[in-house]
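Have a look at the structure below before the remarks.
Derivation of every value follows stated rules applied to the coordinates shown; laboratory data play no part. Just so we're clear, the structure is a prediction, and the values are computed from it rather than from any experiment. Backbone-built Cβ (ideal geometry, glycine too); neighbour counts: all protein chains shown.
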Amino acid sequence: MQKIGVFVCHCGSNIAATVDVKKVVEMAAKEQGVFHAEDYPYMCSEAGQSRIAAAVKEKGLTGIVVCSCSPRMHEATFRKAAERAGINPYMVEIANIREHCSWIHKDMTEATEKAVILMRAAVAKVHLNAPLMAGESRVTKRALVIGGGIAGIQTAIDIADAGYKVDIVEKTPSIGGRMSQLDKTFPTLDCSACILTPKMVEAASHENITIHTWSEVEKVSGFVGNFTVDIRKKARYVNMDKCTGCGVCQEKCPSKKPLNEFNRGLNTRTAIYTPFAQAIPNVPVIDANSCIKLKTGKCGICEKFCQVGAIDYTQKDEIITEQYGAIVVATGFDTIKLDKYGEYAYNESKDVITSLELERIMNAAGPTKGHLERLSDGKAPKEIVFIQCVGSRCSDDRGKPYCSKICCMYTAKHAMLIRDKYPDTNVTVFYIDVRTPGKNFDEFYRRAVEDYGVHYIKGQVGKVMPQADGSLLVQGVDLLDNKQILKKADMVVLATAIEPNPDVRKIATMLTASIDTNNFLTEAHPKLRPVESPTAGVFLSGVCQGPKDIPETVAQAGAAAVKVIGLLAKDKLKTNPCTAKSDELLCNGCSQCANVCPYGAITYEEKLINDHGIRRTSRVAVVNGALCQGCGACTVTCPSGAMDLQGFSNRQILAEVDAICR
Amino acid sequence: MSKQSELIKEISGVNPLKCMKCGKCSASCPSFNEMDIKPHQFVSYVQNEDIEALTQSKSLWKCLSCFACVERCPRGVKPGKLIDAARQVLIRQRGQEGLTANEIPALLDDETPQQLLMSAFRKYRR
Amino acid sequence: MQELIHRAKSLLESGEVSRVLGWKKGENVFDVEPAFFATAEELENFVYNGFCGANLSKYMIEASTWEGKTLVFLKPCDTYSFNQLCKEHRIDREKAYIIGVGCKGKLKAEKLGAENILDVQGAGYPDCSDTLKVTTLYGEQEVAYKDAMLERCHVCKGKEHQVYDELIGESVDTCDADRFAEVAKIEAMSPEEKFAFFQAELSKCIRCNACRNVCPACSCRKCIFDSTKFDSNQKANTTSFEEKMFHIIRAFHVAGRCTDCGECSRVCPQGIPLHLFNRKFIKDINNLYGEYQAGVDIDAKAPLTSFRTDDAEPGVGRG
Amino acid sequence: MPVNNENWKPTIVAFCCNWCSYAGADLAGSSRLAYPADVKIIKVPCSCRVNPMFILRAFEKGADGVILCGCHPGDCHYSTGNYYARRRMTLLFSMLDYLGIEEGRTRVEWVSAAEGVKFSETMNSFVEKVRTLGPSVRLGDLRCKN
């Protein structure tokens, strides 16, 4: 039999204005097992909490009901108060008489009646509460960063600098990500490689950082502090220890057909390749789909020319298993496919390109060695049209409903750079809105217009028509002039919407992290916990969470690192004690519960059971309390009721039901 | 007046509030230069409940119903449908009956743009 | 039948099996009951005829805990239950030697006027005939075999055994009705009619628990209605709702696991068509989540412990 | 059994998952979006925690309507819980319909933590529906009521 104390909070007038708190106290005192009932203006205050402690001491209370605001607000507060008063924190239940009562009802009688019922339900539940002990789990002091772009690199460096081991898993042959593909960065116009490469080197040479390139996360199990991750290290066919990165193999490779992914397929590469000159590690990989030796068994030229004998055609994919305490997702983005936008003639003309492709064309290491050329005939374009919002801000299934955020600024950058380097080239930008919130952003855009003479037209392009003479006829509208425009152009650049890397879905599923309808990872709270995933121990860095430019990405990467460091700094974590528990006397061993457990927390044992004196060996379910997150899916599949959830037991919930319906 | 704009919304199934004023409709329109009220302006006429001006406009009869704007509108506003609905409102006002399928062949001549015929098929296919 | 006894005796003698699970003669020809036979002598009482409706699978739960193998005779429809129990780790397949016996449909004594029967000819296996000669206190009568069959045999799942070590005898697929016709008929009723129908049926329930005790899916060590876990332990009914609760929950607990063996309806002393609950769930599962027959594939995912992201929403399809 | 009594107050039990719908209800509260006081919320960790037994028990003890709210499919905090809940409730509700229980006394609604408006609207429409149905007789113990 519990001795229960009921504490009713006024919350100033938030509750007391609509609920007759005195009446609630009066009714509470009449409930069976209630030995103490009082009200107080602010139960959550220091003074309010000490009243609870005093009552516990004086009346020897074993259970507490607080009628106050939502448990999401102050349950933790009152549990701590109970603990200080010497009661198990899980002997506290909250009756939510503010959010669920006083704030939504106007009639005092009605609201008071409801508050009394909510109080009764909480009292009924506390009668069946049992003290629960939070378990402890060890924290593995190592973090995993998925994705080796600027977000992943920055997060890794920050974590490593704090003294913790970090592994980066990158699926391409080199770290660097999208930023390594960029030529210049806005709004300062400094060269992307010049600021990124030192970071890459820093990461690679950091004693606490291990980089797995050409690798993918295969499987994730475990929970916050104790993740076990299988990483597939894809066969590189090059021995990383022996290779000196001299590059002879790439010069000699006769297979020159495959499209160069790093240059967005604008030119080709060899079958053995490093994606770009500053790649880290500077060790090539062999693309098994185009390697003649691997496909036909004949060739072997790279092996012949490699002076250190680093080529190894017999390499196989390797799975390594590592333990981590925290996981950071930094999987970045890609541009959307333009197949559904026939009107822009992207698939018809080589001179209609995406901005990321232009980025490669402008880059000295790109397919045109940095010369602005038409890909169709190599001529210098004299008339360039930029089209904004291609696939962004689109409510149909062709594009994305969100603003890709970076396009306005990089288009201003591109336009400015072109006008600067090729003053005789005309640049026209069709835009819907120019969005420049950011430090020095609007100034930058205005410079493009005022100092560089970039022609901005408010309006959209309806159609791009490739002409027989190789030019492109652009049909657009100038909304301010209210005129339709037909413009001959040599090149059209599409500010293509960005989308999360398609692999993120797979990764999110493995991590049980939630993603939104656009495949962006969801934050634990959109404002207050923007770098954490709702899944404990999983953190978000960079564009995988939402469109961002470089400075924002780096800022978020640092923030994610701080959260990881905060987690790894702990030796042990308290586990949620509201876990499932199986009654082995009742368990049939039927395995239904294990089939629905999302955490693999249920296993089966052949156990010697003493059933009221009768000994038998039976197959019974056993719950791993550290893995169980307490969803309760198992409890409902269990026909015998052997599986129950602590803190939300069948009898507790039924008691609440009874109290409400009586 | 407002009743008419409601009618247009109902017939067209279009929510003008979704328009973000990008102008892609006008950029796509093959009859743009013939029109006094441009396709992107249709939305604001309906929003401002100035249906009178809309039904009096030349544009109403210059629209080919090629539906380029309907297809390309990134917000699903479909100005072409609005124009179409305005026509219907007018026709209903005048109490005219529509053509029957049998009457059409006799009315065809070389002047009628092919596009118009195609779009009519597109529009009324079931 | 002699062939079955003969085979059982030789398996016992060779020591391959330690006991035999089969059917035993009762006082009357129709009073057949499940029994274990430990010796060749005991097997003299073994019987296999048209009244051997009882599904022996459930007895294998206990037999699985004993030393040695048990020879069990299973009709085609019983093997589904056997498989389902294997799937749920309740039966050890290795502990069973299964002889799949032929079946031509099983009889419902009530359909012959059970109280007065003295003898029934033509129900013996394998020579059972299309017409039964029934001797009652009041003389002889002839009844078509089909007319005396259990309801479940009219919706027979087929003559194939799902699992066996050897087969003896031929089976006949006796299906001559739509399995879901009764359910569909009720579904087509108005809510008032439905309620009246079930109210009338369930009012007959005396909570004897025969349905639960015979059901191979209701194999819990301790039924939820006997335990304190839900404050639902068995007692005299205090509310008129309790039978409803019992039967809904029972059906829900076996949903996706029930093989539709029909034992519940066969044994109900009050004649409540309990299979209508289970079959409703089976029909819904088939319609909503794809055809699923419990007890066919041991490795198949059960409908209630799996999902699809595009499953129907609850209540969709309501008026 | 519809009643004409304007003052009749139904008893409604709402099971809300902790992560989405309970938070949605909190948001409805902090946004002052009213819904009838007849609705009493029971917090469960996940919609998949709700045993059909709870729902039947509520009716047995005199509830007139029971509603279950959880995260939207795909957004479950435990990633899959609501998918199981969806199948369970689909079958249970279908069975209740089959037994002639008035549809409308049971409902499942997916309400996210951001959908305070939806929570309030859902409760308003559910209570309205139950009010038109009147006291639950078919699924209740008659003796519990006066």
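A few remarks follow.
- Each Cα pair under 8 Å and six or more residues apart adds its sequence gap; the mean of these over the residue count of chain A is a relative contact order of 13 percent.
- Peptides A:96-105, A:297-306, A:564-573, A:387-396 ranked from most to least packed, by the mean per-residue count of other Cβ atoms within 10 Å: A:96-105, A:387-396, A:564-573, A:297-306.
- Around C:C215: net Lys/Arg minus Asp/Glu count, Cβ-Cβ under 9 Å: +2
- When shorter helices are ignored and each DSSP H run of at least 4 residues is given -39500 (n - 2.57), the per-residue value for chain C at 222 nm works out to -8000 deg cm²/dmol.
- Two-decimal Rg to Rh for the protein assembly as shown - Kirkwood Rh, Cα set: 1.03
- Where labels lie 7 Å past Cα in the beta-carbon direction, separation of A:L480 and A:S13 in nm: 5.2
- Per-residue ellipticity at 222 nm from helix content only, as computed over chain A with -39500 (n - 2.57) for each DSSP H run of at least four residues, stands at -8500 deg cm²/dmol.
- For chain C, the longest principal axis of the C-alpha atoms and the axis of helix C:2-13 are separated by about 80°.
- Ordered by the count of other Cβ atoms within 10 Å of each Cβ, fewest first, A:K233, A:K369 give A:K369, A:K233.
- Net charge over other residues, Cβ less than 13 angstrom from the Cβ of C:V17 (K, R count +1; D, E count -1): -1
- Separation of segment A:535-605 and segment A:215-272, taken as the distance between their Cα centroids, equals 30 angstrom.
- Label point distance in nm, C:A177-A:F305, each placed 7 Å from Cα along Cα→Cβ: 8.2
- Per-pair calculated FRET efficiency, R0 = 60 Å: A:R84 and A:I614 via Cβ, rounded to 0.05: 0.85
- For A:D469 and A:N239, a Förster radius of 51 Å and the Cβ-Cβ distance give a FRET efficiency of 0.45, rounded to the nearest 0.05.
- Set A:K184/A:K379; A:K184/A:K242; A:K199/A:K405; A:K59/D:K61 screened for pairs whose C-alpha atoms are more than 30 Å apart: A:K184/A:K242; A:K59/D:K61
- Distance between the 7 Å Cα→Cβ label points at C:H6 and C:D299: 3.9 nm.
- Of the trypsin sites (Lys or Arg not before Pro) in segment A:495-568, those whose Cβ has at most 15 other Cβ within 10 Å and which sit in DSSP loop: A:K527
- Expressed as a whole percent, the proportion of Cα-Cα pairs in segment A:336-499 lying more than 25 Å apart is 25%.
- Selected from B:K21, B:K81, B:K38 as most flexible by GNM, with chain B as the system and alpha-carbon contacts under 10 Å: B:K21
- FRET efficiency, 1/(1 + (r/R0)^6) with R0 25 Å, evaluated for C:N45 and C:S14 via beta carbons: 0.70
- Estimated dipole of chain D in Debye, rounded to 20 [Cβ of Lys and Arg +1, of Asp and Glu -1, Cα centre]: 360
- Around A:S533: net Lys/Arg minus Asp/Glu count, Cβ-Cβ under 13 Å: -2
- Sequence-distant contacts, meaning Cα pairs under 8 Å at least 6 residues apart, place the relative contact order of segment A:4-128 at 32 percent.
- Partners for B:K18 among aspartates and glutamates (Cα-Cα distance below 20 Å; same-chain residues under 8 apart left out): A:D396, A:D397, A:D433, B:E6, B:E10, B:E49, B:D50, B:E71, B:D84
- Counting DSSP beta bridges with both ends in the protein assembly as shown, the antiparallel % (nearest 5): 50
- Among B:P105, B:P39, B:P79: highest mean-square fluctuation, GNM of chain B, C-alpha pairs under 10 Å: B:P105
- Within chain A, antiparallel bridges make up roughly 55 percent of the DSSP beta bridges whose residues both belong there.
- Since only D:G74, D:P36, D:A63 are under comparison, the one whose Cα sits farthest along the positive direction of the charge dipole of chain D, derived from C-beta charges on Lys, Arg, Asp and Glu, is D:A63.
- 3J(HN,Hα) couplings calculated from phi for segment D:28-36 with the Karplus curve 6.51 cos²θ - 1.76 cosθ + 1.60 (θ = phi - 60°) are, in sequence order, 4, x, 6, 8, 6, 8, 6, 8, x Hz; Gly and Pro show x.
- Within segment C:181-305, all pairs of alpha-carbon atoms sorted by distance into 5 Å bins from zero give the percentages 2, 10, 19, 22, 21, 15, 8, 3, 0.
- Chain B - percent relative contact order, Cα under 8 Å, separation 6 or more: 29
- For the pair segment A:51-129 and segment A:486-500, the centres of their Cα atoms are 60 angstrom apart.
- Comparing mean-square fluctuations of C:Y145, C:Y97, C:Y289 from a GNM of chain C with C-alpha springs under 10 Å, the top value falls on C:Y289.
- Set of aspartates and glutamates with alpha-carbon distance to C:K157 below 16 Å, sequence-local pairs under 8 removed: C:D78, C:E170, C:D173, C:D176, C:D178, C:D260, C:E263, C:E291, C:D297
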